[in-house]
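> Got a structure for you, written out below as structure tokens; questions coming shortly.
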Amino acid sequence: MRYAVCCVPVSPIRIEPSHRTEMISQQLFGECCIIQEEGQDGWIKLQCKYDGYTGWSQSSHFVEIDEDQYSRGNEDLTTEWVSEIDYNGHHMFVPLGSSLTALQNGRAFWRKSTVHYSGKVWRPSEVKITPKLIKQLVYKFLNTPYLWGGRSVFGIDCSGLSQVVYKFLNVPIPRDAWQQATEGNTVSFLQQAHCGDLAFFDN
């Protein structure tokens, strides 16, 4: 099995191996995946580690890593709207919620690639979920443009926003709205809803 990590700020995931096809999701810097298949013209079919989502992306957006790095339970995230990372000696700006995969003391070695990060770190497993915290996280996406399939502050869709915000709270949920609607407990009346609840159409 081949394991890989996203090495660009945002990588589009498409339904078919072509730039002309629909973007169905994105991988952010540091997010891991399994390479399932290699296509033509530099396309790879991948399965995202975080939510199991599958699709096609450009192989140049990923570098292969070892299984222990893929499996390591380090879920630290970048916490600024954009954060600066040193990648192979070059400055790169990555979006809010990028994963700091396999970093130890601010450094990671993804085989031949090196990552150095000295910015603020968000540890989802240590947070206490409160309405105030949820609002603070959501407000970071204020004025972000709508983008079908988007998952970043550069462009996001409704289910992407829900998933990324919940990721900061250490609550993994599926990628698409129809999948998210099957999770959690049903709120019978609107008056019973709390900050952080998700609303869906019946159909």
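> Exactly one condition in (1) part of a loop (DSSP other than H, G, I, E, B); (2) of a type in the set (V, I, T); (3) open to solvent by less than 30 Å² (accessible area, probe 1.4 Å) is not met by I24; state its number.
It is condition (1) that I24 fails.
> Whether any residue in the range 163-172 is at positive phi, open to solvent by less than 10 Å² (accessible area, probe 1.4 Å) and within 14 Å of the chain's Cα centre (by Cα) is what I want to check.
If we filter the range 163-172 for residues that are at positive phi, which is where we start, we get 170.
Restricting the remaining residues to those that are open to solvent by less than 10 Å² (accessible area, probe 1.4 Å) gives none.
No: the range 163-172 contains no residue that is at positive phi, open to solvent by less than 10 Å² (accessible area, probe 1.4 Å) and within 14 Å of the chain's Cα centre (by Cα).
> For the range 28-47, enumerate the residues that are without any contact (Cβ under 8 Å) to a residue 60 or more places away in the chain, closer than 15 Å to C7 by Cβ and either of a type in the set (A, V, I, L, M, F, W, C) or in a strand (DSSP E or B) (or both).
Residues of the range 28-47 without any contact (Cβ under 8 Å) to a residue 60 or more places away in the chain: 33-47.
Remaining after also requiring closer than 15 Å to C7 by Cβ: 33, 35, 42, 44, 46.
If the condition is that a residue be without any contact (Cβ under 8 Å) to a residue 60 or more places away in the chain, closer than 15 Å to C7 by Cβ and either of a type in the set (A, V, I, L, M, F, W, C) or in a strand (DSSP E or B) (or both), then C33, I35, I44, L46 are the ones that fit.
> Turning to a different aspect of this structure: Which members of the range 1-21 meet the condition of being more than 12 Å from T101 (Cα to Cα) and assigned to a strand (DSSP E or B)? Reasoning before the result, please.
Keep residues of the range 1-21 that are more than 12 Å from T101 (Cα to Cα), which gives 1-3, 8-21.
Scanning the range 1-21 gives R2, Y3, V10, S11, P12, I13, R14.
> With the structure loaded, tell me whether A108 is at pLDDT below 95 and in contact with a Lys or Arg (Cβ under 6 Å, 6 or more places away or on another chain) or whether it fails that test. Break it down stepwise before answering.
Numbers: at pLDDT below 95: yes; in contact with a Lys or Arg (Cβ under 6 Å, 6 or more places away or on another chain): no.
No.
The values are calculated or read from the model by the stated rules, or taken from the named source; none is laboratory data. On a predicted model such as this, the values are computed, not experimentally measured, just so you know. No Cβ is skipped: glycine too gets one built from the backbone with ideal geometry, and neighbour counts run over all protein chains shown. Ligands, DNA and RNA are stripped out before the accessible areas are found, and what is left, the full protein with its side chains, is counted by its heavy atoms. Shrake-Rupley method; radii C 1.70, N 1.55, O 1.52, S 1.80 Å.
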